[in-house]
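See structure below.
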Amino acid sequence: MKRLKPRTAGSPEARTDFEPLVREAQEEETAVENKTFHGFAFEEKDFPQTVFKGCIFERCRFTRCNLKKTEFMDVIFRTCDFSGSLLEGGYLSRCEFHACKNVGGSLYRAFLQDVLFSGCNFGYANCNCSKWKNVSIADSSFSNADFGECSLKNLELSNVELVRVNFSHTPLAGIDFTASEIADILASAWELRGAVVSPAQAAELAKLLGVVVV
């Protein structure tokens, strides 16, 4: 799979006035472009329907914030925490998440294209009804997350914890799980048809489907 990487212009300008920039962009219906944000911490703040382009976020924390329908294009996140925040209906294109958290957050009905998750913890995340295209996940955990009624196209997994994940009504054909952990997932024979698994994983999945392995 060829994933498109973020297109950032040199070194984006470092700014300390995050909220004023966001409010201005929302009022004028423009984008926050080519900026670097470092060390911000927000809790239960509202930043919906904001557009970010070519930005870098480093060690920023958005706890239980409203980021519904926010767009991130060509954005890099490093050691950021979105735990409990709502990114519902969001659009993420050519983004990278490095050592980030979104425990218990929501990506409900979000669209992700050409996105990388590396060293991340998205446990208990609500990803229901979302669309993922050309997404790579490495050395990360999505355990206890919900992926019901999703579209997963060209999803690349490497050392990913997918324990007790709900894949109800989500076709998994063509997805290679052999380098990841998929214990106790919720999925039927229909969802699993065409998925690539190891012999040990196949035995575990057979038990989930009620098959007696001897």
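The values are calculated or read from the model by the stated rules, or taken from the named source; none is laboratory data. Computed from a prediction, not measured in an experiment: that's the story for all the values here. No Cβ is skipped: glycine too gets one built from the backbone with ideal geometry, and neighbour counts run over all protein chains shown. All accessible areas refer to the heavy atoms of the entire protein, side chains included, with ligands and DNA or RNA removed. Shrake-Rupley method; radii C 1.70, N 1.55, O 1.52, S 1.80 Å.
Some observations on this one:
- Charge sum, other residues only, whose C-beta stays under 15 Å from ALA200's C-beta, Lys/Arg counted +1 and Asp/Glu -1: -3
- Heavy-atom accessible surface of the chain, averaged per residue, reaches 48 Å², computed with a 1.4 Å probe.
- Farthest towards the positive end of the charge dipole of the chain, among the residues SER130, VAL160, PRO199, is the Cα of PRO199, using unit charges on the Cβ of Lys, Arg, Asp and Glu.
- Estimated distance in nm for a label pair at ALA200 and GLU28, the labels positioned 7 Å out from Cα along Cα-to-Cβ: 5.6 nm
- Dipole of the chain, positive end: most advanced residue of PHE77, LEU208, PRO12 [Cβ charges, Cα centre]: LEU208
- Computed on region 52-206, with alpha-carbon pairs under 8 angstrom and 6+ residues apart, the relative contact order is 13 percent.
- For ALA145, neighbours were defined as the other residues whose beta-carbon sits under 14 Å from its Cβ, and their charges (Lys and Arg +1, Asp and Glu -1) total -3.
- Each label point was placed 7 Å from the Cα along the Cα-to-Cβ direction; for GLU156 and THR16 their separation is 4.0 nm.
- Estimated dipole of the chain in Debye, rounded to 20 [Cβ of Lys and Arg +1, of Asp and Glu -1, Cα centre]: 400 debye
- Positive-end extreme of charge dipole, region 135-214 - chosen from LEU172, TRP190, SER140 (charges on Cβ): TRP190
- Here region 124-211 is treated with +1 on each Lys and Arg Cβ and -1 on each Asp and Glu Cβ, and its dipole about the Cα centre works out to around 260 debye.
- Only one item in (1) 25, 20, 16; (2) 34, 16, 14; (3) 49, 14, 13 matches semi-axes √(5λ) of the Cα gyration tensor in Å derived from the coordinates shown, and that item is (2).
- Residue range of the chain that is longest and free of GluC sites (Glu not before Pro) which are both DSSP loop and sparsely packed (at most 16 other C-beta within 10 Å): 45-148
- Contour excess over end-to-end distance, with Cα ends at LYS207 and LEU186 and 0.36 nm allotted per residue: 6.4 nm
- Using a cut-off of 21 Å between Cα atoms, the listed pairs LYS2/LYS35; LYS35/LYS133; LYS2/LYS153; LYS69/LYS101; LYS5/LYS153 include LYS2/LYS35; LYS35/LYS133 as exceeding that distance.
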